[in-house]
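Report on the following structure.
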Amino acid sequence: MEHRFRTSRFTRGNVVFPTEMVVTDRHVSRIKPSFVGSVEESISLRQVSSVTVSRGALFADVTVHSSGGTDPLRSHGLTNAEARRLKDLIEELQSNILSAGVADLSGLRACPRCAEAVKAAAQVCKHCGADIPIVLTEEAPREPAAAAIADSGAARAAQSTAGDDEDWTWS
Ligand SMILES: [Zn+2]
C-alpha cells in the first residue's frame, strides 16, 4: 500500500521536477527528483510527531515533524485538499499502529514492490519474488533464529516459483 502525493508544477521549486510525498504503512517519504537522480528523505511513521498544514489560497505547505532527531519533511505545492488528505492519512495510519499494532501481532509487513503481506523476517517476497531489503527500524528485533530458518525455506520456494513465472510463455 503506497499513497503518492505529487506537488503541482505550477508552484515554486516544482516547475521542472515536482516533489512527491509518499506514504506507506511504515514510512513517510519526500522524493525530490533532480538531474542527477532523486533525493529521498524518510521518517518512520512511528517517529512522526506531528503534521502541520499551512493553507494558502490554492496550495498548502506541509511539514511532517519527526521525534527521531531528523529534519522535518517539508512540501510546498500540494493543493489544500491533497495536503488535508496527506495529514489525515498519516494520522490514520499512526493510530492503526498505536491501537492495534497489526503488523507486529501478525508478523507481517507489506512487500515494497507488490504490497502483498509477507512475513516480517522474509527476505524474498512469496508473491512477486522481489528481494526485500532488510529494513532497519526502531522496532524490537525479531527472534529467534529458528523463525528465520523456517522462512528461508519458504523464501526459496517462492523464488523458484517466481523463476518459473518469468520463464512462462504462452503457446
Ligand atoms: Zn512482493
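Bear in mind these aren't lab numbers, they're just calculated from the coordinates by the rules spelled out. Because the structure is predicted, anything quoted here is derived from the model rather than measured. So basically every Cβ, Gly included, is an ideal-geometry build from the backbone, and we count neighbours across all protein chains shown.
Couple of notes before you dig in:
- Checking every one of the trypsin sites (Lys or Arg not before Pro) in the stretch 1-37 against DSSP loop status and a limit of 14 other Cβ atoms within 10 Å picks out Arg9, Arg12.
- Here each label is just a point 7 Å from Cα along the line to Cβ, and for Thr70 and Ala117 those points are 2.6 nm apart.
- FRET efficiency for the Asn80 to Val22 pair, using the beta carbon distance and R₀ = 25 Å, is estimated at 0.80.
- Positive-end ranking of Ser49, Val15, Val36 along the dipole of the stretch 2-100, with charges on Cβ about the Cα centre, is headed by Val15.
- Considering only Cα atoms, the convex hull volume of the stretch 1-121 works out to 115 Å³ per residue.
- Relative contact order (%) - the stretch 1-60, alpha-carbon pairs under 8 angstrom, separation at least six: 22 percent
- 16 Å reach of a label modelled at Ser38, 7 Å along Cα-to-Cβ, counting backbone N of the stretch 8-25: 8-9, 14-25
- Ranking of Val124, Val118, Val39 by count of other Cβ atoms within 10 Å, fewest first: Val39, Val124, Val118
- Length-normalised contact order of the stretch 2-100 in % [C-alpha pairs under 8 Å, at least 6 apart]: 23 percent
- Exposure proxy shown here: for Val62, Val48, Val22, the number of other Cβ atoms within 10 Å sets the order, fewest to most, as Val22, Val48, Val62.
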